[in-house]
Amino acid sequence: MSKSENIVISVKNLSKSYGELDVLKKIDMDIYEGQVVTIIGPSGSGKSTFLRCLNYLETLTDGEISIFGNTLVGPKESKQAAKDNEKVAKEIRKNVGMVFQQFNLWPHKTVLENVIEGPVQIKKVKKEEAIKKAEELLEKVGMKEKAGALPTQLSGGQQQRVAIARALAMEPKAILFDEPTSALDPEFVNEVLNVMKELAKEGMTMIVVTHEMGFAAEVSDRVCFMDGGYVLEDGTPDEVFKNPKTDRAKQFFSKILNV
Amino acid sequence: MEEFLRIAEITIPLLMQGLVVTIEISVLAIIFSIIVGFLICCMCLSKNKLVEAIARVYIKIFRCTPFMVQVYLAYYGLPSLGLKVSAFWIGVAVMSAYNAAYIAVIFESGIRSIPKGQSEAAAAIGMGYFKTLFRILLPQTVGVIIPPLTGQFLQTVKDTSILSIITVTELTMMTKKAIGVTFAPLFVYLLAGALYWVINIGIEMVTKKIEKKNKLLSI
Amino acid sequence: MGTVEVIFQYMPLLLKGLRYTILVSIEAIIIALCIGMLLTVVRMGGNSLPSRIVKTIANVYISFVRGTPVLVQIYIIYQALAVIGPNLSSFTSGVIALSLNSGGFMAEIMRGGITAIPKGQIEAGYAIGMSKRQIWTRIILPQVFRVVMPQLTSEFINVIKVSPMLSVVAVVELTRTAQRLVNSTYITIPFYITIAIIYFIVCALLEELVKWQKRRMLAK
């Protein structure tokens with residue numbers, strides 16, 4: 001089920017709780033280079049939290065995450081561990097891009113400025129180079145002619161395509177997608193999915209939290225079904241969709257397919 | 001240290017006298033300004049353009065001139081109009097009129113923040129203007145207007161200090177009196193400041209509690 | 001000579017008073033902005049013991065400024081300045097008093113502006129590897145000023161409306177000028193009405209500016 005034997009993301013025993021509430025319970029997952037993994041499940045199942053733990057937008061309560069050789073550890077109350085994690089997170093974020101449900105473009109910057117912000121400010125790329133690269137990327141997501149526009153002048157689908165370009169501008173080795181089409185009007189969903197399909201074809205390692213079962217079935221190499229903080233199903237789209245092992249997954253699919 | 005105790009001994013009874021007057025004026029002004037403010041708010045919501053315009057002009061005048069100038073005008077103006085009342089009541093009157101302008105705006109924006117569908121639904125079951133206002137709109141605005149209303153009450157208490165310029169014997173006036181006896185201006189002013197501060201923090205804490213209760217209700 | 005003529009005769013003096021009102025207010029609002037930013041930076045500080053102490057001081061300062069009458073603050077600052085810097089002019093002391101007051105309100109305005117920025121934008125910054133400092137300088141601060149612009153103008157209006165209180169400590173701004181004229185001409189109400197109109201014009205114009213700023217902000 002893998003395109004390569006190279007494990008690039010390795011999650012061991014990951015737990016996350018907010019006070020009394022356990023959102024993630026001892027999750028283990030290895031992701032190989034070039035794999036496209038979709039994570040599906042009902043809302044509140046912990047799938048977004050899982051994704052946000054990967055680049056440390058959420059702290060870990062317990063367990064370990066290794067991404068391209070950088071390892072986050074559950075701090076277990078130690079302040080030093082939290083500090084170390086901050087440092088590791090910086091390295092991880094250089095390698096891993098993220099695309100958000102609400103796009104989160106910076107409204108005071110134009111489309112082009114949003115895309116070059118990372119390369120220029122973080123990677124210290126020369127501005128002219130960054131612009132050249134950004135224009136290529138905007139071309140790729142079909143947004144080149146809007147380079148000078150402000151985010152608020154764009155439709156949701158356009159904003160999300162810019163957000164993908166912004167993530168790509170950092171030349172990430174993997175990209176996390178947090179429900180990238182959930183905030184979009186239906187007519188704009190496909191333009192975003194198409195860009196993502198393109199990336200998948202090029203061999204980008206992608207982890208996608210989504211409700212788009214079509215995308216999951218068609219594009220991903222691997223589907224994980226999460227519920228109640230556990231990964232209940234993990235396999236190829238065929239395995240998970242056609243022969244789910246758990247009742248929870250069967251119920252979930254029957255509900256969705258009946259809609 | 002002994003010196004401070006001596007000053008405090010003289011000062012505190014005077015300040016307490018002033019504090020009582022400050023609280024009296026504040027409470028009266030708040031009550032009157034809620035009544036007047038509500039009326040002006042109703043005028044603002046009126047369909048009659050003239051009525052609305054009068055209310056808007058009232059609000060504009062009181063909000064766009066300094067309160068201190070209003071106090072002077074009331075102090076010299078009201079008696080010449082034949083209103084022979086004490087400085088205390090002039091103070092209450094001008095404070096109420098001034099505050100009403102702010103409270104009217106708070107009420108109005110609270111009512112306007114409620115979706116139009118609410119009053120349409122009320123109209124659809126045959127409710128009249130006042131029923132809609134009192135049974136549908138106002139209960140929903142409570143949560144929205146309590147924070148700004150609290151702010152306005154705090155402001156009222158602070159603004160009473162300006163009435164010292166027209167010889168109302170409220171806290172700031174009595175502070176000056178105490179200074180005249182003790183010759184320790186900085187210390188006595190700080191003491192007065194502390195008193196105002198305590199009242200303000202007190203009101204804030206009470207309204208925060210009310211707010212919490214209301215939040216629970218509205219959810 | 002009729003009252004109206006007398007007032008027009010003294011109009012240049014009143015306008016000179018207005019100039020001082022505006023001067024004092026502009027200087028105060030600029031210093032207040034700096035104080036407000038300083039307080040904001042301090043309040044956003046970390047959790048180490050020293051920064052917790054400074055944070056507490058900032059919070060107490062803001063609470064005091066917001067919880068006590070401006071008039072009392074003006075008296076306190078005048079008395080304090082009389083001890084610290086007895087040679088300061090009453091104009092300078094007035095600027096200091098107003099800016100110390102307005103600074104506390106500025107800090108609250110800025111905090112409001114900062115919390116108005118959606119959390120997702122900050123996360124997007126972290127996601128591409130920005131440091132805390134970069135998040136502040138590249139994402140938060142550039143937007144805060146745009147968001148709070150109308151409130152800054154409103155605060156300027158407030159300062160103008162508070163400035164008459166400086167008359168009690170002998171700053172010859174508009175209200176103090178009028179009081180002097182009242183004392184020398186024995187014409188009372190017309191002078192107070194005149195300055196009320198002058199204040200009204202200034203504040204009403206500035207309110208229009210606030211409205212325009214709000215519209216422009218919403219349009220973006």
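The values are calculated or read from the model by the stated rules, or taken from the named source; none is laboratory data. Please read all numbers here as calculations on a predicted model, not as lab measurements. Glycine gets a Cβ as well: all are built from the backbone with ideal geometry, and neighbour counts include every protein chain shown. Calculation scope for accessible area: heavy atoms of the full protein, side chains included, ligands and nucleic acids excluded. Shrake-Rupley method; radii C 1.70, N 1.55, O 1.52, S 1.80 Å.
Highest first, please rank the peptides A:96-106, B:54-64, B:127-137, A:35-45 by the mean number of other Cβ atoms sitting within 10 Å of their residues.
On the way: A:96-106: 24.1, B:54-64: 17.3, B:127-137: 14.2, A:35-45: 21.5.
So the order, starting with the most tightly packed, is A:96-106, A:35-45, B:54-64, B:127-137.
What value, in deg cm²/dmol to 500, does the helix sum -39500 (n - 2.57) over DSSP H runs of n ≥ 4 give at 222 nm once divided by the residues of chain C? Could the numbers behind the result be given before it?
Values: 9 runs with 174 residues, N = 220.
Calculated from helices alone, the mean residue ellipticity at 222 nm is -27000 deg cm²/dmol.
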| said: Testing the spin-label approximation: label points 7 Å from Cα along Cα→Cβ at A:Asn243 and A:Thr71. State their distance in nm. | reply: 3.6 nm
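For the pair B:Lys212 and B:Phe130, what calculated FRET efficiency results from E = 1/(1 + (r/R0)^6), where r is the Cβ-Cβ distance and R0 = 30 Å, to the nearest 0.05?
0.50
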| message | Please compute the average number of Cβ atoms from other chains found within 10 Å of each residue's Cβ in peptide A:115-124. | response | 3
| query | Just for the Cα atoms in chain A, what are the lengths along the principal axes, largest first, rounded to whole Å? | reply | 52, 50, 36
| query | Ranked from the most accessible area to the least, with a 1.4 Å probe and all protein chains present, what is the order of B:Cys41, C:Cys34? | reply | C:Cys34, B:Cys41
| Mean residue ellipticity at 222 nm from the helices of chain A, using -39,500 (n - 2.57) per DSSP H segment of n ≥ 4 over the full residue count, to the nearest 500 deg cm²/dmol? | -12500 deg cm²/dmol
| query | Based solely on its DSSP helices, what 222 nm [θ] is calculated for chain B when runs of n ≥ 4 H residues each add -39,500 (n - 2.57) and the sum is averaged over all residues, nearest 500 deg cm²/dmol? | reply | -28000 deg cm²/dmol
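Return the subset of B:Lys212/C:Lys55; A:Lys25/B:Lys212; B:Lys47/B:Lys84 for which the Cα-Cα distance in this structure is over 30 Å, preserving the input order.
Pairs exceeding 30 Å: A:Lys25/B:Lys212; B:Lys47/B:Lys84.
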| query | Are there cysteines in the protein assembly as shown with no other Cys C-beta under 4.7 Å, and if so, which? | reply | A:Cys53, A:Cys224, B:Cys41, B:Cys42, B:Cys44, C:Cys34
| remark: Gyration tensor (Cα only) of the range C:84-170 to equivalent ellipsoid, semi-axes in Å sorted down, yields 37, 15, 8
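Enter the per residue convex hull volume of the range A:145-259, computed from alpha-carbon coordinates, in Å³ rounded to the nearest integer.
Once divided by residue count, the hull of the range A:145-259 is 127 Å³.
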| message | Just to verify a number: what accessible area does A:Arg52 come out at with the full protein assembly present, 1.4 Å probe, Å² rounded to tens? | response | 40 Å²
| task | Compute the Rg to Rh ratio over the range C:24-154 from the alpha carbon atoms, using the Kirkwood formula for Rh, and round to two decimal places. | result | 1.05
| Highest average packing first - B:182-191, C:78-87, C:172-181, B:139-148, Cβ atoms within 10 Å | C:172-181, B:182-191, B:139-148, C:78-87
| Other chains near C:163-175: what is the mean number of their Cβ atoms within 10 Å of each residue's Cβ? | 2
| What ³J(HN,Hα) values, in whole Hz, does the Karplus curve 6.51 cos²θ - 1.76 cosθ + 1.60 give for the range C:194-207 when θ = phi - 60°, with x put for Gly and Pro? | 4, 5, 4, 5, 4, 4, 4, 4, 4, 5, 5, 4, 5, 5
| said: Given R₀ = 56 Å, what would the calculated FRET efficiency be for C:Ile140 paired with B:Phe38, taking r from the Cβ atoms and rounding to 0.05? | reply: 0.90
| Per-q log10 I(q)/I(0), the range B:129-219, q = 0.14, 0.17 Å⁻¹ (Debye; single scatterer per alpha-carbon; no solvent) | -0.66, -0.80
| Alpha-carbon centroid distance for the pair the range A:39-94 / the range C:185-202, whole angstrom | 66 Å
| the protein assembly as shown: projected area of the alpha-carbon convex hull, averaged over directions, in nm² | 39.8 nm²
| note | Over its alpha-carbon atoms, the range A:194-259 yields an Rg and a Dmax in Å of 12.3, 35
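Take peptide C:196-206, look around each residue's Cβ out to 10 angstrom, count Cβ atoms belonging to other protein chains, and average those counts.
Values: counts 8, 3, 2, 6, 7, 2, 2, 5, 5, 1, 1.
If you average over the peptide's residues, the count of other-chain Cβ atoms is 4.
Excluding A:Cys224 itself, calculate the net charge of residues whose Cβ lies under 9 Å from the Cβ of A:Cys224, where each Lys or Arg counts +1 and each Asp or Glu counts -1.
0
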| remark: The B/C contact buries a total accessible area, at probe radius 1.4 Å and rounded to the nearest 100 Å², of 2900 Å²
| request: Would you list, by chain and number, the lysines whose Cα falls below 21 Å from the Cα of A:Lys255, excluding same-chain residues fewer than 8 positions away? | output: A:Lys47, A:Lys242, A:Lys245
| task | Can you tell me the equivalent ellipsoid semi-axes for the range B:78-204? Use √(5λ) from the Cα gyration tensor, largest first, whole Å. | result | 42, 20, 8
| Top of C:Ala28, C:Ala107, C:Ala127 by mean-square fluctuation, Gaussian network on chain C, Cα under 10 Å | C:Ala127
| field | Accessible-area composition of the range C:3-219, carbon plus sulfur, in percent [1.4 Å probe] | value | 68 percent
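Would you mind giving the three semi-axes, in whole Å and largest first, of the ellipsoid equivalent to the range B:2-218 according to its Cα gyration tensor?
After scaling each eigenvalue by five and taking roots: 39, 22, 11 Å.
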| said: As I understand it, the value is the acute angle between the Cα axis of helix C:141-162 and the longest principal axis of the Cα atoms of chain C; what does it come to in degrees, rounded to 10? | reply: 20 degrees
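Return the value, in Å² to the nearest 100, of accessible area buried between chains A and C (probe 1.4 Å, both sides summed).
The contact between C and A buries close to 1800 Å².
List the residue ranges in chain A for DSSP H helices whose C-alpha atoms run 20 angstrom or more along the long axis and whose Kyte-Doolittle average is -0.5 or above.
Those that pass (Cα extent of 20 Å or more, hydropathy at least -0.5) are A:186-201.
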| Accessible surface, per residue, of chain A when the full set of protein chains is kept, probe 1.4 Å, Å² | 45 Å²
